[in-house]
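Inspection log for the structure reproduced underneath, given as structure tokens.
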Amino acid sequence: MGSLSNNHPDSRYCDLSKWQGKTLDLLYYIASICSAIELYLIFNYFQINQSFSGNFFIFICIFIVTLLLTFVKPLGYKIRANGLPAIILAFGIVEMFTTGLSGDGRIFLLAAPVTALLLVGSPGSAIFSILSLLTYIIAGFTPYLNFAPFQFIPIENVTDQYTWITSGLVFSSVMIGLLLLGWKFSSVNQQTSQQNSQLTSESKSLRELTDNLQNRELELQALLNAIGDKVLVIDNQGRILKSTDGHYHSAQTVAESHRKNILRILPQPQASEVLEQIQDALQFHQTRVIDYCVNENGQDRWYSGTISPFEIDKVVMVCRDITESITSSYRERDQRTLANALKNAASLVNSPLDLDEVLSRVLAAVGDVVSVDVSSIILIGDRGVLSGIGRSGLSGFQKKMETLKNLSINDFQTLRTMKRTGNPLLIPDIALYPAWSSLAGETKTHSYLGCPIKIKGRVAGFLSLENVKPGFFNREHVEKLQSFVDLAATAIENARLQQETQKMAISDELTALFNRRGLMDLGRREIDRARRFNHPLSVAILDLDNFKTINDTYGHIAGDQMLNQVADCCRSGFRDIDIIARYGGDEIVVLLIENNLEQAYQIANRFRESIANRVFKTDAGNLSTTVSIGVAELTKEMDNLTELIDTADRALYIAKEAGRNQIMTV
């Protein structure tokens, strides 16, 4: 009874606490009535036997305490519950030491621990049992105590009716308490049985629910295994608490996954990004989707993870393998990039740009399709001499291209091999390729891929790619590069044809010098440059003396042969930077770049003397001739090249009038 606390929040214990309080009140009422009757009987007894009336004072004190504990309920249950067996024990002690072992004291001593057991439980009952036993033992050794305030009353002086009445009242009180206790224990036992039955039923339902959940979990796992998605339960620290895998769902694999953390499984920065999405999903209670890549057995696998909040600190992450979709997307993207690059490169094939510009843009288009560190196009010139153009951000590359201009194809076994076989050459690591020829300023590349550029079945050059990573290039790169090689071949052929066409348009058919059109196009540029940089510019116009007589005497063939040889003398007598053109008939104009009038006069005079001392071999025999020359310098007053040539032409007229074989200036 004492183990049932009256402060327990459960309703059952609240009911029991009320029952305890009501039972205690009832017992106190009974005790008060018994005490009042006992006091009345003792009062009558002591009136008759006044010699023993001193004991009446003790009974009055006990009766007052009984009334106090009966009606002063705010004292609390514990004080009142311990007070009742203490009152009964006090009555027993008084009875024991006033009437002896044969009096009512034995019954009170028996009732005290029983009442304590009823109200405060076993510990209180044990204490009162010990006190009752000690009292009985002491009374047994000293059965006739006679000291204040106790006065021993011999048993023969105690009225028998008083004895059985008080004994009956005590026994009635104890029996009523025991009956109430038994009734309540029966009620509690019934409630306990009902609760046990309810708990048994609930336990059975819980087992059925657990079995059902396990079966549902197995069905869910089988379903997830069937669709091939991975499902992970992950906490907010990235630890994998539970997992299932459609492809690898053995117990060992799952157990290994449980000991892993996504920060260890995924590479950075993907792991941090996934963990951030997990924490966002938990914080904002929203679903997040993220794509990530995992290396499995040396191959990259792409997954799309759908992250959904599961508990306060856990999420469910459903991972779907999207590798094929990503690969297909990348393949389509590469194909689109290749198509666009080829389209852009193809548009340059027939463009009016010069060859170097076209080839440079072809290399740029290659860089859009293939990740390279060095790309170059090497052309084979006369006698195998090499020339090239390239693109690279690596140091030393330009020095390598400058060195290449002084070498021929015979200096490179790799180029000779491609020219001989006509096939591409793929070198995974040039450091392990014994036939590789390194140049001064060679960049630190490892992978090499080269394809020969063929024009009408003849190898005219090479398209080469290099990468700093060993083993970077593969057969797929060869196929892509071949498309650009074909475009490069077409561009080179068209550019050469265009150059030849342009050269024919501005060249004299007989002498191979520039014609009047070429002179005017190139001359205008030199006029603009001379004015922009404030540099001198002069012109010399020369005319063969008596050329008409030579044609009439020896024929036009001999005249053409002589004019051709004079053109050769011009090419050897003037500088490469000077512009030499056949102006018309036997007149030749020479633009003397960055020469003033005095310098131009000296140069022209030397040329005149060389012609006068030369013998020209023709079909009509050895012939000789002289030239008259007019020289003029560009001035600020002249608006264009035509005015400069007209000024020199006036000087030529003066030289002719002066007797030919002369040089004049204006």
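The values are calculated or read from the model by the stated rules, or taken from the named source; none is laboratory data. It should be emphasised that the depicted structure is a prediction, and the values quoted were computed from it without experimental measurement. Reconstructed Cβ throughout: ideal geometry from the backbone, glycine too, with neighbour counts over all protein chains shown. Quick note on the areas: whole protein, heavy atoms, side chains included, nothing else; ligands and nucleic acids left out. Shrake-Rupley method; radii C 1.70, N 1.55, O 1.52, S 1.80 Å.
Filter the range 544-593 for residues that are in a loop (DSSP other than H, G, I, E, B) and at negative phi and give the result.
D545, F574, R575, D576, I577, D578, D586, listed by residue number.
If you check N467 against the conditions, is it of a type in the set (S, T, N, Q) and open to solvent by less than 60 Å² (accessible area, probe 1.4 Å)? I'd like the intermediate steps shown before the answer.
On the way: of a type in the set (S, T, N, Q): yes; open to solvent by less than 60 Å² (accessible area, probe 1.4 Å): yes.
When the stated conditions are applied, N467 passes them.
Let me confirm something: among E587, E526, which residue is under 22 Å from N661 (Cβ atoms) and in contact (Cβ under 8 Å) with a residue 40 or more places away in the chain?
E587
Condition check: part of a helix (DSSP H, G or I), over 20 Å from I645 (Cα atoms) and open to solvent by 90 Å² or more (accessible area, probe 1.4 Å). Does E476 satisfy that?
yes
Working only within the range 280-311, note down all residues that are in contact with an Asp or Glu (Cβ under 8 Å, 6 or more places away or on another chain) and assigned to a strand (DSSP E or B).
To start, the set of residues in the range 280-311 that are in contact with an Asp or Glu (Cβ under 8 Å, 6 or more places away or on another chain) comprises 282, 286, 288, 290, 292-294, 301-305.
Hits for the range 280-311 are R288, I290, Y292, C293, V294, R301, W302, Y303, S304, G305.
Given the criterion under 17 Å from A495 (Cβ atoms), aliphatic (A, V, I, L, M), at pLDDT below 75 and assigned to a loop (DSSP other than H, G, I, E, B), identify the matching residue among L353, L439.
Values: L439 fails: under 17 Å from A495 (Cβ atoms).
Exactly one residue qualifies, and that residue is L353.
Test D545 against the criterion of being in contact with a strand residue (DSSP E or B) (Cβ under 9 Å, 6 or more places away or on another chain), open to solvent by less than 10 Å² (accessible area, probe 1.4 Å) and among the charged types (D, E, K, R), and give yes or no.
So D545 passes the test.
Taking the range 607-662, which residues are outside any helix (DSSP H, G or I), within 25 Å of R524 (Cα to Cα) and open to solvent by 10 Å² or more (accessible area, probe 1.4 Å)?
E633, L634, T635, K636, E637, M638, D639, N640
Of the conditions (1) closer than 17 Å to P536 by Cβ; (2) open to solvent by 10 Å² or more (accessible area, probe 1.4 Å), N564 satisfies every one except a single condition; which number is it?
(1)
Do you know which of the residues in the range 307-319 that are at pLDDT 80 or above and surrounded by fewer than 16 Cβ atoms within 10 Å (Cβ to Cβ) is nearest to Q279 (Cα to Cα)?
This residue is D313.
Which one of I455, I427 is under 25 Å from R496 (Cα atoms) and of a type in the set (V, I, T)?
I455
Which numbered condition in (1) open to solvent by 60 Å² or more (accessible area, probe 1.4 Å); (2) within 23 Å of V362 (Cβ to Cβ); (3) not aromatic (F, W, Y) is the only one that D411 fails?
Result: D411 fails condition (2) only.
Would you check which residues across the range 404-433 are over 42 Å from the mean Cα position of the chain (by Cα) and in a loop (DSSP other than H, G, I, E, B) and list them?
K405, N406, L407, F412, G422, N423
Search the range 599-623 for residues that are closer than 19 Å to N551 by Cβ and pair each with any residue that is surrounded by fewer than 15 Cβ atoms within 10 Å (Cβ to Cβ) and hydroxyl-bearing (S, T, Y) when their beta-carbon atoms are under 9 Å apart and the residues are at least 6 apart or on different chains.
What qualifies is I611/S624; R614/S624; V615/S624; F616/S624; A620/T553.
Has the range 495-508 got at least one residue that is without any contact (Cβ under 8 Å) to a residue 60 or more places away in the chain, open to solvent by less than 50 Å² (accessible area, probe 1.4 Å) and outside any strand (DSSP E or B)?
Yes, the conditions are met somewhere in the range 495-508.
If I filter the range 532-541 for residues that are in contact with a Lys or Arg (Cβ under 9 Å, 6 or more places away or on another chain), among the aliphatic types (A, V, I, L, M) and surrounded by 13 or more Cβ atoms within 10 Å (Cβ to Cβ), do I get at least one hit?
Within the range 532-541, one or more residues are in contact with a Lys or Arg (Cβ under 9 Å, 6 or more places away or on another chain), among the aliphatic types (A, V, I, L, M) and surrounded by 13 or more Cβ atoms within 10 Å (Cβ to Cβ).
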